[in-house]
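Contents: one structure, followed by commentary.
The values are calculated or read from the model by the stated rules, or taken from the named source; none is laboratory data. Only a predicted model underlies this, so the values are computations on that prediction, with no experimental measurement involved. All Cβ positions, glycine included, derive from the backbone under ideal geometry; neighbour counts span all protein chains shown. Accessible surface is based on the protein model in full, side chains and every heavy atom, while ligands, DNA and RNA are left aside. Shrake-Rupley method; radii C 1.70, N 1.55, O 1.52, S 1.80 Å.
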Amino acid sequence: METFLQQLINGLAWGSIYSLIALGYTMVYGVLQLINFAHGDIYMIGAMAGYYLGHALAPARHSFTGFVLVLAGSMLICGVLGFLIERLAYRPVRNAPRLTALITAIGVSLLLEYGGQLF
């Protein structure tokens, strides 16, 4: 019974993560009419930022204040990254053909994936 409950909690946690990512894809496509391939990569950067911020706050990370600082810091990093991507990559190609925006989205995704491997 303990294993069943643990697997139920694991399933709910993973399902929540998947639904959050799917909701983000749906909202971005609904507003911009653009499939943002970098969406999952921004989540990756946020997770990496949380990991490194947690290690930087090593003494305080087991407190509620440390948790809030790590969460706020990773959210800030993801927000700034999203703003920069929109300004530098997506806004210049907003009135271009849809294929240009799609190629730009793939390029930003690859940039984040391979840039994330440096850290």
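Taken over the range 68-115, residues that are of a type in the set (Phe, Trp, Tyr) and either touching a helix residue (DSSP H, G or I) at 6+ places or on another chain (Cβ under 9 Å) or on the phi > 0 side of the Ramachandran plot (or both) amount to 1.
Annotation: Asn95 fulfils all but one of (1) part of a helix (DSSP H, G or I); (2) open to solvent by 80 Å² or more (accessible area, probe 1.4 Å); (3) without any contact (Cβ under 8 Å) to a residue 12 or more places away in the chain; the unmet one is (1).
Total residues in the range 71-92 satisfying the condition of being open to solvent by less than 30 Å² (accessible area, probe 1.4 Å) and either farther than 23 Å from Leu34 by Cα or not in a helix (DSSP H, G or I) (or both): the figure is 2. Pairs under 7 Å by beta carbon, first residue in contact (Cβ under 8 Å) with a residue 40 or more places away in the chain and under 14 Å from Phe37 (Cα atoms) in the range 11-24, partner open to solvent by 100 Å² or more (accessible area, probe 1.4 Å) and hydrophobic (A, V, I, L, M, F, W, C), six or more apart or different chains? Pairs found: none. How about the range 31-53: which of its residues are small (Gly, Ala, Ser) and touching a Phe, Trp or Tyr at 6+ places or on another chain (Cβ under 9 Å)? Residue satisfying the conditions is Gly40 alone. For the range 13-55, filtered to residues that are farther than 22 Å from Leu76 by Cβ and surrounded by 13 or more Cβ atoms within 10 Å (Cβ to Cβ), the residue that is modelled with the lowest pLDDT is Leu32.
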